[in-house]
Amino acid sequence: MKSPLLSLPGAVAAEGRDEGVAAHYGDLFREQRALADGSGFVDLSHRGVITVTGSDRLSWLHLLITQHVVELPAGRATEALVLTANGHVEHALYLVDDGETTWIHVEPGTQQDLIAYLESMKFFYRVEVADRTPEFAVVWLPAGSIAPVPEDVVVRETAHGRDLFLARDRLEEYAAGYGPAAGVLAYEALRVEGHRPRLGFETDHRTIPHELGWVGSAVHLQKGCYRGQETVARVQNLGKPPRRLVFLHLDGSEVLLPPTGTPVRLASDGPEGRQIGFVTTSVRHHELGPIALALIKRNVAVDAELMAGDTAAAQEVVVEP
């Protein structure tokens, strides 16, 4: 859905998975610095919004997702995954319950597939699932923000900031009162700095939660009864994941960032060496310069110098090997 905030001065539309909102509003680094200082907001109105209502909503969701939510207190934010039968990551859910309704936001364009799966699992449970994307938009406020939140807005608060489920027809009013707006490129720079994985960027068709550090934050190890749980338990107790997420400090002398999918190799092997991973997200950070997340083979030495395409890269451990 195209955001009305694309009409703000300086707005440049994002492309790819973030199409529909602004990439930036004319000054990427200024926008990053504002967010880092706790001011401004990010329009994430392209994300899908789903609600689950009914007296069985939490106990029912508990059976389907990787997180322990059967006794989730009202107002407490959490995140969860839906896995395939083989334990591969299929959906990432960011949710909060307000005491009557569970509010969930997901990656743009994934809500219909998730709703189809949830509907297929309703059986006799007293639940109703609804796509609320046409009515509600997600707005993100950085940690430390002092911007007031209207009383009737559901808030999902984490250590990284607050997600507001704002009525879509109030977006322009909110922007006028609580600016300045920052684009998704600024948001992505802070996400990469924080080593936070994103579905469709750090994941592919064979990603398991352990590879990205989702065990703990999105996967509760003391519960079972969800699709893919056997793989999670087996890898946790008996094995190790084949890959691991790393943070890369990229050579700042290069003009272009290595795009998503760029092969990662050992620097010692040269440009024709064996591929040991790939870049998942690369950004320019207002303090750190060019940085990236990458998924590499687990057994690569933690002090190995890497090459992301033609760009030298020093790795920082995110997931322990």
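Tabulated results
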| read-out | value |
| --- | --- |
| Every pair of residues 6+ apart whose Cβ atoms lie under 7 Å, when the first sits in the range 129-154 and is without any contact (Cβ under 8 Å) to a residue 24 or more places away in the chain and assigned by the TED database to the domain that holds Thr53 while the second is of a type in the set (A, V, I, L, M) and assigned to a loop (DSSP other than H, G, I, E, B) | none |
| Residue match in the range 256-277 (condition: out of contact with any strand residue (DSSP E or B) (no Cβ under 7 Å at 6 or more places or on another chain) and on the phi > 0 side of the Ramachandran plot) | yes |
| Total residues in the range 89-115, condition acidic (Asp, Glu), open to solvent by 30 Å² or more (accessible area, probe 1.4 Å) and under 20 Å from Trp140 (Cβ atoms) | 1 |
| All helices (runs of 4 or more DSSP H) inside the range 179-286 with 2 or more residues being open to solvent by 40 Å² or more (accessible area, probe 1.4 Å) | 184-193, 229-238 |
| Flag if Arg76 is open to solvent by 10 Å² or more (accessible area, probe 1.4 Å) and free of Cβ contacts under 8 Å to residues at least 60 places away in the same chain | yes |
| Restricting the range 287-321 to residues that are assigned to a loop (DSSP other than H, G, I, E, B) and β-branched (Val, Ile, Thr), the residue that is surrounded by the fewest Cβ atoms within 10 Å (Cβ to Cβ) | Val302 |
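The values are calculated or read from the model by the stated rules, or taken from the named source; none is laboratory data. Everything numeric in this text was worked out from a predicted model, so none of it was measured. Ideal geometry is used to build each Cβ from the backbone, glycine not excepted, and the neighbour counts take in all protein chains shown. What goes into the accessible areas is simple: the full protein's heavy atoms, side chains included, and nothing from ligands, DNA or RNA. Shrake-Rupley method; radii C 1.70, N 1.55, O 1.52, S 1.80 Å.
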